[in-house]
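Below is one structure, written out as structure tokens, with a few remarks after it.
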Amino acid sequence: MYNIAVIGGGCMGLASALEIQKLLKNNVQVTIFAEKFTPDTTSDIAAGLWEPYLLGETEPENLIRWGKGTYDYLTQLWQEENGGKTVQRRIEHFNELSNYDVIVNCTGLASRDLLNDLDVTPIRGQIRRVKAPWQYSSFLIDHKNEGSCYIIANTHSVVLGGTKQKSFDTTLSDADSDRFLNHLNRFIPSLKDAEVVKNVVGLRPYRSKVRLEEEFLKTPDGKTLKVVHNYGHGGSGLSLSVGCGQHAAELVVKMLRVDKNKL
Ligand SMILES: Cc1cc2nc3c(=O)[nH]c(=O)nc-3n(C[C@H](O)[C@H](O)[C@H](O)COP(=O)(O)OP(=O)(O)OC[C@H]3O[C@@H](n4cnc5c(N)ncnc54)[C@H](O)[C@@H]3O)c2cc1C
């Protein structure tokens, strides 16, 4: 039985844990360690942008069929019991988990401090969620003078946003919301009176390049730690989570030198 520790309870940690379980089946015990779980992660703040894009003349009925397939898969995943363990705990150093066969690092922005990886940079995003059940369409608007803003229709609310500033500041700014709301209200006036669900700020874990790779680290007592890193997904973590989780799981199997044909 392999023991795998996943650090991180956001979309990357959850997807990685699940894909490791799927690959290693009954041969693995996966434990997720996270300081925060839903609804307190950056992944909970994500606007939910996920769309068919640049698909030429592909038939709309196929786009609906295939998109619905992905949507249904994710919905089912969310409702399933998948085993595994969760532990709410802050990890100060990977050495604390030296009794695990592989550690999977999905700590997002916190990898900056945990690994002293200064390439991981917060890109601040402020959004407002409103109740606007009449709003089915989503818009991404890039205005040359007023910057970018968007309307993203989710199932139970509509996201109005947003900002993308290099900053650690998680306090709400009226100036920021005024900028994108004024712009959006001109575009779709009915949103002006929509009931506010919440205003929220999150920090996107930007990195010049997503880090999805294995690393061997040494503990002070000379033990080798096998680590798979999966962080730095910027403004696309939700969109990439399942694929990155699958990739991370492949790396775990590689580090364990497991023959997949014998599983
Ligand atoms: C306003 C906004 C809008 C966005 N919109 C979209 C969108 O429309 N589509 C999209 O694809 N993406 C979007 N994103 C980006 C997306 O939210 C992120 O890319 C994604 O959430 C990153 O996921 P993650 O699992 O790596 O990190 P997180 O969700 O931040 O999870 C990190 C986890 O690691 C844990 N952790 C960290 N350090 C430690 C430690 N030392 N010990 C234990 N646990 C630790 C945390 O507690 C947490 O559980 C948006 C982001 C923002 C802010």
- prompt: Quick check: anything in segment 169-177 within 19 Å of the chain's Cα centre (by Cα) and either among the aliphatic types (A, V, I, L, M) or over 15 Å from Ala47 (Cα atoms) (or both)?
  reply: yes
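Take the residues in segment 161-172 that are closer than 16 Å to Arg204 by Cβ and in a loop (DSSP other than H, G, I, E, B); name whichever of them is modelled with the lowest pLDDT.
Gly162
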- line: Restricting segment 118-139 to residues that are in a loop (DSSP other than H, G, I, E, B), open to solvent by 20 Å² or more (accessible area, probe 1.4 Å) and not polar (S, T, N, Q), the one farthest from Asn105 (Cα to Cα) turns out to be Trp134
statement: Within segment 206-224, of all residues that are touching a residue at least 12 places away in the same chain (Cβ under 8 Å) and within 20 Å of Ser98 (Cα to Cα), the one surrounded by the fewest Cβ atoms within 10 Å (Cβ to Cβ) is Pro220
message: Given (1) without any contact (Cβ under 8 Å) to a residue 40 or more places away in the chain; (2) outside the structural domain of Thr41 (by TED's automatic domain parsing), identify the lone condition not met by Glu96.
response: (2)
field: Residues of segment 76-103 satisfying the condition of being open to solvent by less than 100 Å² (accessible area, probe 1.4 Å) and part of a loop (DSSP other than H, G, I, E, B)
entry: Glu80, Asn82, Gly83, Gly84, Arg89, Ile91, His93, Ser98, Tyr100, Asp101
- prompt: What residue, of Leu212, Leu217, Leu140, is within 13 Å of the ligand (Cβ to nearest atom) and either under 27 Å from Gly8 (Cα atoms) or touching a His at 6+ places or on another chain (Cβ under 9 Å) (or both)?
  reply: Leu212
query: Looking at segment 184-205, which of its residues are in a strand (DSSP E or B) and surrounded by fewer than 18 Cβ atoms within 10 Å (Cβ to Cβ)?
result: Glu195, Val196, Val197, Lys198, Asn199, Val200
Residue in segment 140-160 that is within 27 Å of Glu213 (Cα to Cα), outside any strand (DSSP E or B) and modelled with pLDDT of 95 or more present: no
query: Tell me, which residue of segment 225-258 that is open to solvent by less than 70 Å² (accessible area, probe 1.4 Å) and without any contact (Cβ under 8 Å) to a residue 60 or more places away in the chain is farthest from the ligand (Cβ to nearest atom)?
result: Leu251
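Okay, residues lined up against (1) aliphatic (A, V, I, L, M); (2) under 21 Å from Ser111 (Cα atoms); (3) under 15 Å from the mean Cα position of the chain (by Cα):
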{"site": "Ala5", "(1), (2), (3)": "yes, yes, no"}
{"site": "Met12", "(1), (2), (3)": "yes, yes, yes"}
{"site": "Ser16", "(1), (2), (3)": "no, yes, yes"}
{"site": "Asn26", "(1), (2), (3)": "no, no, no"}
{"site": "Pro39", "(1), (2), (3)": "no, yes, yes"}
{"site": "Ala47", "(1), (2), (3)": "yes, no, yes"}
{"site": "Trp50", "(1), (2), (3)": "no, no, yes"}
{"site": "Tyr53", "(1), (2), (3)": "no, no, no"}
{"site": "Glu57", "(1), (2), (3)": "no, no, no"}
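The values are calculated or read from the model by the stated rules, or taken from the named source; none is laboratory data. Keep in mind it's a predicted model, so treat the numbers as computed, not measured. Note that we place each Cβ from the backbone using ideal geometry, even for glycine, and neighbour counts take in every protein chain shown. Surface accessibility is based on the protein's heavy atoms, side chains included, excluding ligands, DNA and RNA. Shrake-Rupley method; radii C 1.70, N 1.55, O 1.52, S 1.80 Å.
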